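Worksheet: the structure to be examined is printed underneath.
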Amino acid sequence: MVPLKKIMRNIVILSALNSELKLLKRIASDMKELDKSNGIKFSECRLPGVRGNIVTGSFGMGKVLAAMACQYAIDHYSPDKVLLVGACGGFSKAIKKGDILISNKSVQADMNLLSTGKMLGVYQGPDEINRQRFTNHDMEVVETSSSINPHLEKVLGRKPELRIGIIASHDKIECDKTIVKQIYNEFKSSGIDMETASCAIVCNCNDIPFSSIKSVFDLDGLFDQTDYVNNIEIYHRNALRVIVEILKLLYQV
């Protein structure tokens, strides 16, 4: 059962690109700039129908910038949750183009300690203890997503569906079909991006629930430049609509 009138301090919504938060800034109220760190601007706002404050920030592409922004947001805004929004690649065996992927786990696909006898994706802490391959995500968000019916714009003639799955993060826009196939076979992931896994690890280390909600805009490493130019704003808007509807259920006014 979805909790009603849950009290929150802040929800942090991060994105790699400013354009991925464009819709949120249009529908939000009381928008004000908070501070700026290493080029990342953080703002605070309210969303209609959502109790509490929303803090937003866009950090750029890649796992390093994502981790830096995520830790900064946790240290300065003490969030109840961290959400990552945007677009990602997908695997045709698991998902369709335009669908919204709600993460339940993530893995660093390019973390490779095979020479030491460890599986791909396993990473090691300073105490030399092996960490898990997969980081678990916020199941409250996953479960709530089954109770929403967001208005989503059609992509390539079909209405996107909500999907639950693993996101593999890899510091490269991967267009090599062989590597893409290897990543899918190794991790059975539904999506691939450059940020989710690092944010998830940072949040896990801080005991902060984390989820990534992304529109799938390409499949199997086949980047369609024309579709990207013509429709990327639709992909971004759809992912944000899902986040807003989830927050409305979790934090009703």
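Tabulated data
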| read-out | value |
| --- | --- |
| Qualifying positions in the stretch 155-171 - surrounded by 12 or more Cβ atoms within 10 Å (Cβ to Cβ) and free of Cβ contacts under 8 Å to residues at least 24 places away in the same chain | LYS159 |
| Checking TYR184 against (1) over 19 Å from PHE217 (Cα atoms); (2) out of contact with any helix residue (DSSP H, G or I) (no Cβ under 9 Å at 6 or more places or on another chain), the condition it does not meet | (1) |
| Subset tally (residues that are surrounded by fewer than 16 Cβ atoms within 10 Å (Cβ to Cβ) and either within 21 Å of the chain's Cα centre (by Cα) or not in a helix (DSSP H, G or I) (or both)) for the stretch 172-185 | 4 |
| Check on GLU153, modelled with pLDDT of 90 or more and not in a loop (DSSP other than H, G, I, E, B) | no |
| Residues located in the stretch 132-166, provided they are of a type in the set (A, V, I, L, M, F, W, C), farther than 21 Å from GLU233 by Cα and out of contact with any Lys or Arg (no Cβ under 7 Å at 6 or more places or on another chain) | MET139, VAL141, VAL142, ILE148, ILE164 |
| Scan of the stretch 115-127 for residues that are in contact with a strand residue (DSSP E or B) (Cβ under 7 Å, 6 or more places away or on another chain) and either at pLDDT 80 or above or part of a loop (DSSP other than H, G, I, E, B) (or both), ordered by number | LYS118, GLY121, VAL122, TYR123 |
| Strands (runs of 3 or more DSSP E) contained entirely in the stretch 21-114, each with at least 2 residues that are crowded, with 17+ Cβ neighbours inside 10 Å, out of contact with any Pro (no Cβ under 8 Å at 6 or more places or on another chain) and in contact (Cβ under 8 Å) with a residue 12 or more places away in the chain | 40-46, 53-58, 81-90, 100-108 |
| Tally, over the stretch 204-224, of residues that are of a type in the set (D, E, K, R), in contact (Cβ under 8 Å) with a residue 24 or more places away in the chain and either in contact with a His (Cβ under 7 Å, 6 or more places away or on another chain) or on the phi < 0 side of the Ramachandran plot (or both) | 2 |
| Subset of the stretch 194-233 (residues that are closer than 17 Å to GLU20 by Cβ, part of a helix (DSSP H, G or I) and modelled with pLDDT of 95 or more) | THR196, SER198, CYS199 |
| Single residue of the stretch 11-20 satisfying the filter (among the aliphatic types (A, V, I, L, M) and in a strand (DSSP E or B)) that is surrounded by the fewest Cβ atoms within 10 Å (Cβ to Cβ) | ILE11 |
| Pair list, Cβ under 9 Å, 6 or more apart: the stretch 240-253 residue among the hydroxyl-bearing types (Ser, Thr, Tyr), other residue part of a strand (DSSP E or B) | TYR251/ILE11; TYR251/VAL50 |
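The values are calculated or read from the model by the stated rules, or taken from the named source; none is laboratory data. If you're wondering where the values come from, they're calculated on a predicted model, not measured in any experiment. Positions of Cβ are generated from backbone atoms using ideal geometry, with glycine treated the same way; all protein chains shown enter the neighbour counts.
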